[in-house]
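Notes follow once the structure below has been shown.
The values are calculated or read from the model by the stated rules, or taken from the named source; none is laboratory data. Model, not experiment: these values are computed from the prediction. In this analysis, Cβ positions are derived from the backbone assuming ideal geometry, glycine residues included, and neighbour counts consider all displayed protein chains.
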Amino acid sequence: MRQAIHVTVNGAEHGYEVEPRLLLVHFLRDVLGLTGTHIGCDTGQCGACTVLLDGRAVKSCMVLAVQADGAKISTVEGLATKGELHPIQQAFWEKHGLQCGFCTPGVMMATVCLLADNPTPTDEQIREQLEGNLCRCTGYQNIVAAVRTAGERMRASAAAPAGVPAQARAE
Amino acid sequence: MAVTRLFGSSVKRREDPRLITGRAMYTDDVKLPGMAYMAILRSPYAHARITRLDTSRASKQPGVLAVYTGKDIDGKLNPMPCAWLPKDSDLKVPPYRALALDTVRFTGDGVAAVVATSAYIAHDALDLIDVDYEQLPVVTEQTAAVAAGAPQLHEDAPGNQAMHWRLGGGDVDSAFRDAEVVVRQRIVQQRLVPNAMETRGTVAQWDPGMGELTMYNTSQNPHIARFISSVVTGIPENKIRVIARDVGGGFGSKIPVYPGDMLTAFAARELDRPVKWVETRRENFVATIHGRDHVQEVELAARKDGTVTGLRVKAWANLGAYLSMAAPGVPTWLFGTMVTGCYTIPNFAVDVFGVFTNTTPVDAYRGAGRPEAAFLIERMMDLLAVELKMDPVDLRRKNFISKDAFPYTAASTLQYDSGDYDMTLDKALEAVDYKALRREQEEGRKQGRYLGIGLSTYVEVCGLGPSAAAGAMGFQGGLWEPATVRVLATGKALVYTGTNPHGQGEETTFAQIVGEELGLPIEDIEVIHGDTAQISMGWGTYGSRTTAVGGSAIILAARKVRDKASKLAAHLLEAAPEDIVFDQGRFSVKGSPARAKTIQDIALMANVAWDMPEGMAPGLEESHFYDPVNFTFPFGAHICVVDVDADTGEVHIRRYVAVDDCGLVINPMIVDGQVHGGVAQGIGQALYEGAIYDEGGQLITGSMMDYTVPNSTQIPTIETIRTETPSPVNPLGLKGVGETGTIASTEAVVNAVADALAPFGIHHLEMPMTPERVWRTIEDAKRQSGTTPATPGR
């Protein structure tokens, strides 16, 4: 009945046997203990559970853990490296892009994908790209500001030292 | 030890690092050894008798630990209490059981609970519970529920009337008899679903040795949760600990204690193992409280010159199937007292009928009663302006309480603390260039373009509140707050508050208050909330009271700390106490600044107590129990500018300007954020949101998409302007900002759309103003007038 899966989560490899019906979000939260990924609606509407699956933003309540077999998964816990906040985290903090914080991990993971696809989004593009991530606290204004700021900084830091193209760095 | 000024600066939030790294602790993140999981079977019918309930198949399922029904808990869990009992209101409180005994009264009413070794097994087992229902007639709308022959919900509430409550002032009948002009409007405040992003849940743990219950709970007010849990479970209050550290939004929906919370506690004790219950979103839609849902008949009396002389309101408030914890207070005291708004209306009368229907219980949702009041009066002012052919700005100015009149005792007997309504209106008008907009509107109308300008000049009552007033209003509790400020030997401080911020940022603003007062770096201050074992008491976070009341308690405790520290400094510096000067964490002797002790020096000495002045107790810790002397009254002016496409009915918000005066501002960034979020919810009500029941009592807008929780493309940029008129009623001049945006915004949007469509003869619209509804309203108006005002003129 159980099925073996191997996944790489935030750089660490894991092998588990799971029920075929186990949702990826429950695998992350309950099996791996990565509770930074939240469940807001369990029906793919709110985006609180957004993680990256092989670099693409997915709603992890809409993916079975077995579907993620062999994949690389990134969650909010993997955003900061060596205690250094990711520019997206920095920008959300500075721009007051969160209040209760429940939707925030999902919004930030969606932002990683958004900025990788389009390092220079307009505010309108940011709003369009994040329409699948609901937030009940902020009215989105400071989320948009945070994404804009993060994008600017990621471009600057990608361009500055070694001339690495922003696109390559984002990936 | 230079400390920059903290009060008034946009300090980055101290709660954020754990929230942005995924290290927060929301209730669903709690995992205890041996933890079991509970799921609740909810009624699929809005009104039915349970004729058979067989749990045997579910019980036999591997992994199922227990199945409970209403009969199993009968006598073991008391009914859910109602904690707001307005006096002189003939309120009926029918029993609200955690699980129905024989009759279900709304879709989502609890029927049984399953506890299992995993959440998946628990949810599976719900399908194995066999229930036969005998369906009963259903009524979901309040005016239908009070009509003769309507289905009855409760034996002891004839006509489904939960209460009739009145408030009045002056002589409203004379005002209407003598009125030169009267405008009337039926207003529907549609039902809203709070939709905090985190659904509700509880993890309960029973310690049989100590006889103690620990509940991790998604609560805005853990001490109230402790008290109510004691009443329902019978466990003594001092044997219950409630922890609510990180809470994912509440907006009022996490004030009440719910059946699910109590069932979790019950199961944990019965099974002697930890039990977790977390709602699904679908469950949240039907089983967590809803908000608003009024039908109002409103009449405004005035003279031809625009002087408003009287206001008469009849409101039918849908309370749902049972009384939620604070439900009766919302459409009564929190609504009726504020219907006259920021105007000198000497005569008013409010009649409120609370009505039971076969719907989810209704309770406080952001603003709670005050949005219903502000919408009503602001809408009526615009209707009067239309009737008198006056500019709505001029009409408002004519009736404003003047800034010299404060403190102003309104006809409601509330005493408004401070205000300057012309000033905030001026700023808003200037920001949008009102005159230019009116010119553009006139030009546009000739070309079939419909620009609308919507005003909302609002005032709200918040900072709840004096405990004596709470008692007078029938609130079954106090509204004071305690605070403790403790400075440790290392100079680090702990600040304890009985409020429970859950997104509003008070871990930061409270640290700013204490840092400013004691000259401590903000990173050395830890604000502790959300744990009844650590905090003596508290009434929680709602009613925009956290900073105004909780923050006042904190500053007064901090002042005591500074006072003691100053005396200790005088002793150590061998100076007279009156010669000690304090500046940014340094106590020095007047005239000789080099003779000084830092607050850290003092903290160390106070904690080791080697050299204390005679009679001074060791330690550097002070508490203050603060009971406000009055409510506070934030105010402001919001202007919404819309373009309405008359062909499609689409409303486009071109600009939204919010001028808000919430008293003195501690952290401008946080204040603006509160306004953004509040306005977004108000716009949500105006344009998108609404709970809709079908005839059978099914909630057909039962998901975030069907209901339309606004997304990032649906909320415009909000331009915020802050003004600061201190409140004289508390030590820091604070008022509160958690609800202003919601209270002010809905009517600004509706007024804007009505203004845009005035050429069609449209002066009022129902909410939400979806394109379809706007289009239909326009088409109806065209049919009625028999004209098509493509180039209407005015």
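Only residues that are buried (at least 16 other Cβ atoms within 10 Å of the Cβ) and under 28 Å from the mean Cα position of the chain (by Cα) were counted in the range B:158-183, giving 8. Across the range A:67-96, the qualifying residues are those that are in contact (Cβ under 8 Å) with a residue 60 or more places away in the chain and in a strand (DSSP E or B), and the one among them that is farthest from the other protein chains (Cβ to nearest Cβ) is A:LYS72.
What number of residues in the range A:149-161 are more than 14 Å from every other protein chain (Cβ to nearest Cβ) and either in contact with a Leu (Cβ under 6 Å, 6 or more places away or on another chain) or not small (Gly, Ala, Ser) (or both)? Selection size over the range A:149-161: 6.
B:THR723 fulfils the conditions (1) more than 9 Å from every other protein chain (Cβ to nearest Cβ); (2) surrounded by 21 or more Cβ atoms within 10 Å (Cβ to Cβ) except for a single criterion, (2). Evaluation of A:PRO20 against the conditions (1) closer than 20 Å to A:VAL107 by Cα; (2) assigned to a loop (DSSP other than H, G, I, E, B); (3) in contact with a Lys or Arg (Cβ under 9 Å, 6 or more places away or on another chain) shows that the sole unmet condition is (1).
Residues that are outside any helix (DSSP H, G or I) and touching an Asp or Glu at 6+ places or on another chain (Cβ under 6 Å) were ranked within the range B:220-248; the one that is farthest from the other protein chains (Cβ to nearest Cβ) is B:ILE243.
Taking each residue of the range B:20-36 that is at positive phi and looking for partners that are of a type in the set (Asp, Glu) with beta-carbon atoms closer than 7 Å, six or more apart or interchain, yields B:GLY22/A:GLU77. Summed over the range B:8-22, the residues that are more than 7 Å from chain A (Cβ to nearest Cβ) and either surrounded by fewer than 21 Cβ atoms within 10 Å (Cβ to Cβ) or at pLDDT below 95 (or both) give a count of 6. A single entry from B:ARG191, B:ARG186 fulfils the requirement of being surrounded by 15 or more Cβ atoms within 10 Å (Cβ to Cβ) and in a strand (DSSP E or B): B:ARG191. Within the range B:731-769, the set of residues being under 20 Å from B:LEU455 (Cα atoms) and assigned to a loop (DSSP other than H, G, I, E, B) comprises B:VAL737, B:GLU739, B:LEU757, B:GLY761, B:ILE762, B:HIS763, B:HIS764, B:LEU765, B:GLU766, B:MET767, B:PRO768, B:MET769. Residues in the range B:314-337 that are more than 16 Å from B:TYR542 (Cβ to Cβ) and among the aliphatic types (A, V, I, L, M): B:ALA315, B:ALA317, B:LEU319, B:ALA321, B:LEU323. Scanning the range B:300-338 for residues that are part of a loop (DSSP other than H, G, I, E, B) and in contact with a Ser or Thr (Cβ under 8 Å, 6 or more places away or on another chain) gives B:ARG303, B:ALA321, B:THR332, B:THR337, B:MET338. Within the range B:585-635, no residue satisfies the criterion of being without any contact (Cβ under 8 Å) to a residue 40 or more places away in the chain and touching a Cys at 6+ places or on another chain (Cβ under 6 Å). The set of residues in the range B:477-522 that are part of a helix (DSSP H, G or I) and within 14 Å of chain A (Cβ to nearest Cβ) comprises B:GLU506, B:GLU507, B:THR508, B:THR509. Counting only residues that are on the phi > 0 side of the Ramachandran plot and within 14 Å of another protein chain (Cβ to nearest Cβ), the range B:37-77 holds 1 of them. Given the options A:ALA80, A:ALA91, name the one that is surrounded by fewer than 20 Cβ atoms within 10 Å (Cβ to Cβ), modelled with pLDDT of 95 or more and among the hydrophobic types (A, V, I, L, M, F, W, C). Within the list A:ALA80, A:ALA91, the selection yields A:ALA80.
Pick out the one residue from A:MET62, A:MET108 that is farther than 21 Å from A:ARG148 by Cα and out of contact with any Pro (no Cβ under 7 Å at 6 or more places or on another chain).
Details: A:MET108 fails: farther than 21 Å from A:ARG148 by Cα.
Criteria check complete, one pass: A:MET62.
Hey, can you tell me all the residues within the range A:115-137 that are more than 23 Å from B:THR708 (Cβ to Cβ), part of a helix (DSSP H, G or I) and not acidic (Asp, Glu)? Within the range A:115-137, A:LEU115, A:ALA116 qualify.
Listed residues A:ALA48, A:ALA57, A:ALA146; which is of a type in the set (A, V, I, L, M, F, W, C), more than 7 Å from chain B (Cβ to nearest Cβ) and either in a loop (DSSP other than H, G, I, E, B) or over 30 Å from B:GLU283 (Cα atoms) (or both)?
Step by step, each of A:ALA48, A:ALA57, A:ALA146 is checked, and only A:ALA146 is of a type in the set (A, V, I, L, M, F, W, C), more than 7 Å from chain B (Cβ to nearest Cβ) and either in a loop (DSSP other than H, G, I, E, B) or over 30 Å from B:GLU283 (Cα atoms) (or both).
Of everything listed in (1) out of contact with any Asp or Glu (no Cβ under 9 Å at 6 or more places or on another chain); (2) crowded, with 24+ Cβ neighbours inside 10 Å; (3) within 14 Å of chain A (Cβ to nearest Cβ), the single unmet condition for B:TYR656 is (1).
This table checks each residue for (1) among the aliphatic types (A, V, I, L, M); (2) without any contact (Cβ under 8 Å) to a residue 60 or more places away in the chain; (3) part of a loop (DSSP other than H, G, I, E, B).
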{"residue": "B:TYR68", "(1), (2), (3)": "no, no, no"}
{"residue": "B:ASP72", "(1), (2), (3)": "no, yes, no"}
{"residue": "B:LYS76", "(1), (2), (3)": "no, no, yes"}
{"residue": "B:MET80", "(1), (2), (3)": "yes, no, yes"}
{"residue": "B:PRO86", "(1), (2), (3)": "no, no, yes"}
{"residue": "B:ASP90", "(1), (2), (3)": "no, no, yes"}
{"residue": "B:VAL93", "(1), (2), (3)": "yes, no, yes"}
{"residue": "B:ARG97", "(1), (2), (3)": "no, no, yes"}
{"residue": "B:ALA100", "(1), (2), (3)": "yes, yes, yes"}
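For the range B:457-476, the set of residues classified as touching a Phe, Trp or Tyr at 6+ places or on another chain (Cβ under 7 Å) and not in a loop (DSSP other than H, G, I, E, B) consists of B:THR457, B:TYR458, B:VAL459, B:CYS462, B:SER467, B:PHE475, listed by residue number.
The listed residues are B:GLY673, B:GLY741, B:GLY690, and the only one of them that is touching a residue at least 40 places away in the same chain (Cβ under 8 Å) and more than 9 Å from chain A (Cβ to nearest Cβ) turns out to be B:GLY690.
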